[in-house]
1. When you look at LYS104, is it in a helix (DSSP H, G or I) and modelled with pLDDT under 60, yes or no?
2. Identify, please: which residue in segment 32-63 is among the β-branched types (Val, Ile, Thr) and in contact with a helix residue (DSSP H, G or I) (Cβ under 9 Å, 6 or more places away or on another chain) and is, among those, farthest from ASP124 (Cα to Cα)?
3. Six or more apart or on different chains, Cβ under 6 Å: which pairs go from a residue in segment 136-164 that's within 23 Å of ASP74 (Cβ to Cβ) and at pLDDT 80 or above to one that's part of a loop (DSSP other than H, G, I, E, B) and not hydroxyl-bearing (Ser, Thr, Tyr)? Could you list them?
4. Within segment 42-58, which residues are of a type in the set (A, V, I, L, M, F, W, C) and either in a helix (DSSP H, G or I) or loosely packed, with under 14 Cβ neighbours inside 10 Å (or both)?
Amino acid sequence: MSDAVITVILTQVATIMEQQIRQEVRLVSGVEKEVKKLKSAFESIKAVLVDAEKRQVKEESVKVWLEKLKDVSDDTEDVLSQWITANLKAEIEGPGSHSSPTKKVCSLVTLPCLGCNRVALRRDIALKIKYINERLDVIATEKDRYKFNVVTGSPDRPKTTSFIVVSDVQGRDIDKNTLVSELLSSSHQEQGLI
């Protein structure tokens, strides 16, 4: 009787664990999709940044929105840095990097777990990216509420040149004439003193 109960419980636990593992595998294998979604969200937000930066001076809510966007951008940069660092570390600590006999024995024991560690790392990164995407979805919804203008192309810069058209120079004629008359009048007075 107790064997039957234990068997039923173990079967249920195994079924639950199998479902959890399948969800985790889907999460890890869906990282590329999440990264594409992340990239797309940033590109759509980037299109309105020029307008948002102009409006933040007048509208406090736009300033808060830009701060949220900066926080998400910083978090994204951190996650990508962790990903790159972990991949480089995995390459450096690969199976060929063990030199002492103790490390070789440990590597034989831990080699199966190495794959588990990499999967766990990918899972952590996937969860972080998924969370960032959720935050970006909220920011994108707020972006639509502000009705920012989409700026296409680069902003037009004014044309500059080093040539000066004398007729365009204005505003210093009176000062120039006063200075010239002072210099001329003082030179006549000094000649009389000598």
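1. Working: in a helix (DSSP H, G or I): yes; modelled with pLDDT under 60: yes.
Yes; evaluated as a whole, the condition is true for this residue.
2. Taking segment 32-63 and keeping what is among the β-branched types (Val, Ile, Thr), we get 35, 45, 48, 50, 57, 62.
Checking the rest, the ones that are also in contact with a helix residue (DSSP H, G or I) (Cβ under 9 Å, 6 or more places away or on another chain) come to 35, 45, 48, 57, 62.
Values: VAL35: 14, ILE45: 26, VAL48: 31, VAL57: 38, VAL62: 32 Å.
Here the residue is VAL57.
3. So the pair list comes out as PHE148/VAL48.
4. Filtering segment 42-58 for residues of a type in the set (A, V, I, L, M, F, W, C) gives 42, 45, 47-50, 52, 57.
Within segment 42-58, PHE42, ILE45, LEU49, VAL50, ALA52, VAL57 qualify.
The values are calculated or read from the model by the stated rules, or taken from the named source; none is laboratory data. Please read all numbers here as calculations on a predicted model, not as lab measurements. All Cβ positions, even for glycine, are placed from backbone atoms using ideal geometry, and neighbour counts span all protein chains on display.
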